[in-house]
Each structure stands twice: as C-alpha cells, then as structure tokens.
Amino acid sequence: MDLVIFLVYFAVFYSAGRSGLTDRECAWIGGIFQLTYMATSLGIGWILKRQNARAILIMGLLTCICSGIWSIAVRHYVPVFAGMACFGVAAAFFFNAFQTFMRGDAPPGGLARATGLYTLAWSGGSSLGVLLSGTLYNFGSTVLIVLTLGVGGLISFLLFRHQARPDSAPSADEMEETGPAGSAPVHGAYVGVAWLIIFTAMFVQRPIQTFYPALCAGAQIAPWLAGLPLFLHMFIQALAGAGMISLRFLMYRKTPLILIQGAAAGLLILIGLHPSIEYLAIGMSLLGIWAGFAYFSAVYYASNSGRRSRNIGINECLVGLGSFSGLILSEYFMKKSGNPATMYRVCASALGISIILQCAVAWVGTGRFRTIRSAPGADRT
C-alpha cells in the first residue's frame, strides 16, 4: 500500500510545482493529509481489535485507492486538497488495521520478525512508489491511475487469498517478546520513546518528501532524477528495517538511540550546507539506515507493551502530527530565510531535541536514577 501512497504523494507535489502552487499551498495539501490521518488514527486505535481488523483493513484499501486516483487526476488546489483529506482518512484505516492484523497473525515470539518484514515491505513499497511516480510521470496521469488500480487489485487478491491465524490461537498480540540472552529487559517506558521517535521521524521526512519534488519541478529537474534521492533513502530504509530482525538485542538500550540518531542529525546539517543533487543522493541514502532503525524501534516498542492497538493508534496519530509540524515549521523558516535548504537545519534541530527527550523518558521511566544511587554501574547501555 505504501507504493500507492508515495506514488500518489510524489505525483501530487510534482504536479503542484508545475502548476505554480506556492510553498504554503503545498504545505496545506500535505498538511491536510496528515491532519486527517492523525485524527482518524487517534480514534480508530481505541476500537481496533484482532476480530475486526480484517474488515477495517479492506475498507481502508478500497477508499485509499479511490481517493488516491482522484488526487492524481485533478490539478487545482481545492480538488487536490479535498482528495488528499480523504486519502489521509483512508490511509489511517488501512495502516492501523494492518498493524493489528499483523500482530494477530504472528505467532508468540514472532513480533520482531513481523515488525522487520513490515518495515521492509512498507519502506520498499514507498521507494518503488517514488521511483515509479517519477519515472512514469511524463507519460500522463492515466498511466499512474492504471498503476494505482493494478496495485490495489494485487493487494485485494493477497488479502482475500491469505488464510488468517484463528482468533482463538495465541499470537504476538497477547504476549511480550524478549530478546536473546544478554538483551536489555522489556520496559513499558519505551512506549513513550516510541512515540517520540515516530513523531520526529515524520517531522524530518515529510518536509523533504513534500517540498523537494516541488522545488525540483520549479528548477526544471527531470522527475526521474528528482525522485532518485528519495528512492535511495526509502530503499535503504527498507533494508535497514529488515536487518533489525537480527539486531533485536539493540532494543531497550539508550546508547543506540543516541549514536544512530545523533549521526542522522549530523548528516542533515551537512545536506543543508551542500543541498546539490549529488550530496542529497549520498546523504539521503545514509539517512535510510537511521530511518529503518527508527521505524522498526517505534513500531516494536509500541507493539510489545500494554494496550497495543491503542499504542499504535497514538503512534499513527503522531505520524500525522509530526508530519504536519515539520511541514508548517519548515515552510515558515524557508520563507523567513529565503533559502529552501533551511528545512534540513530545522529537521536536524528537531532530531537533536528529540534525542534528549527520548533519553530523559527512558532514564526516568526505567528508574535509571534510582539504579545509579543504589548500584553504580548497573543497567549499562
């Protein structure tokens, strides 16, 4: 489904750049998608359960395809705005339901594998969506619409063909998963860390995915070339997310949070200093490693403790809030400075602040300060 999401997203914003829509209009088109996604996710997270996930998943699929086709076909600001609003609602139904369905279909102890494959699938689909949208854009909207219908039909076929795990059978949805020997213990405080990670990841990614295609169109850069850095980023994100299956021992530790995300903040600063297509391709590729780690961590932490569907609903709500916040703040500082590369510095600053907050939540939530006072050197990360 992320192939459809990013195929539509790239096509809409490249068209917006060609049509002469302003940065603010682009921000609101992207923002309404995030706002409706956010509001819908917050509500559906409270009602989703293993028994109703499949029906909601199918409804989300059908409405996503219809609203995505509408958004590609129209060109003017108001119809695109309306289409993207519906697209956000439909996407929220699909992805929240899918994650509940995914946990219910995974056997006990299979959450890390399911999360890694989920990150591989949606990130790989995103990268292909950007690549295909950029490559096929000049062939016209009819080709993109036919491709969207084809992908929707394939997803429908796979859903109806799949034999789901019986509701009575035990699954990863009811049990906490622990890592291999030597892993840090599972702690519910990391659900809060998950929410901070997902908010920040979307704050960083969405402005780049939104403004970069429009800027390239305005600069007469070919759509396939404009999509290349985004494709590389999402493709490597997919591989990194799948690689986390064998790196489960990194979970519930603070040191990886600091090192991996800190390196990403540094890369964003470098991209802001050298925003050419060459530096973007290299920098965005390396940022894919951070993104794969971030998305795996966010979904895994939220899915492994407490009320999982509610946790994921808040996760997905924060996807919308982080995206909207990143769009609005980036657009504000881009306009104020007169320099589009300012958005990379805004994203780097947000990531740096988030690292501090994540560590604070992890340290306080797990009782780190009490551990230090009672047993110096304990709970090493």
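Throughout, read-outs are computed from the coordinates displayed, never taken from laboratory work. Fair warning: this is a prediction, and the values are worked out from it, not measured in the lab. With ideal geometry, Cβ positions are generated from the backbone for all residues, glycine too; neighbour counts draw on all protein chains shown.
Remark: region 156-169, residue by residue, has Karplus-estimated 3J(HN,Hα) of 4, 4, 5, 5, 6, 7, 5, 8, 6, 5, x, 4, 7, 7 Hz, where x stands for each Gly or Pro and the curve is 6.51 cos²θ - 1.76 cosθ + 1.60 at θ = phi - 60°. In region 192-350, one over the average inverse separation of all distinct C-alpha pairs is 16.1 Å, which is the Kirkwood hydrodynamic radius. Its Cα centre serving as origin, the chain has a Cβ charge dipole (Lys and Arg +1, Asp and Glu -1) of approximately 600 debye.
For the peptides 171-178, 182-189, the ranking by mean Cβ contacts within 10 Å, running from highest to lowest, is 171-178, 182-189. Values [x] 64, 50, 37; [y] 63, 49, 30; [z] 91, 50, 35 are given for comparison; Cα extents along the principal axes in Å, derived from the coordinates here, is the one labelled [y].
Measuring nothing but how far apart in sequence close Cα pairs (under 8 Å, 6+ apart) lie, relative to its length, the chain scores a relative contact order of 27 percent. Summing Lys and Arg as +1 and Asp and Glu as -1 over all other residues whose Cβ lies under 9 Å from the Cβ of F95 gives a net charge of -2.
3J(HN,Hα) along region 83-100, derived from phi through the Karplus expression 6.51 cos²θ - 1.76 cosθ + 1.60 where θ = phi - 60°, amounts to x, 6, 5, 5, 4, x, 4, 4, 5, 5, 4, 5, 6, 5, 5, 5, 5, 5 Hz, with x in place of Gly and Pro.
In this calculation the C-beta distance from F333 to T142 is compared with R0 = 30 Å, giving a FRET efficiency of 0.20. Helical content alone sets the calculated 222 nm signal of the chain at -27000 deg cm²/dmol, taking -39,500 (n - 2.57) per DSSP H segment of four or more residues and averaging over every residue. At full extension, Q163 and A181 could sit 3.1 nm farther apart than now, given 0.36 nm per residue minus the alpha carbon distance. Packing-based ranking of 354-361, 7-14 yields 7-14, 354-361, ordered from highest to lowest mean Cβ neighbour count within 10 Å.
Across the chain, the longest piece that holds none of the trypsin sites (Lys or Arg not before Pro) lying in DSSP loops with up to 14 other C-beta atoms within 10 Å covers 76-306.
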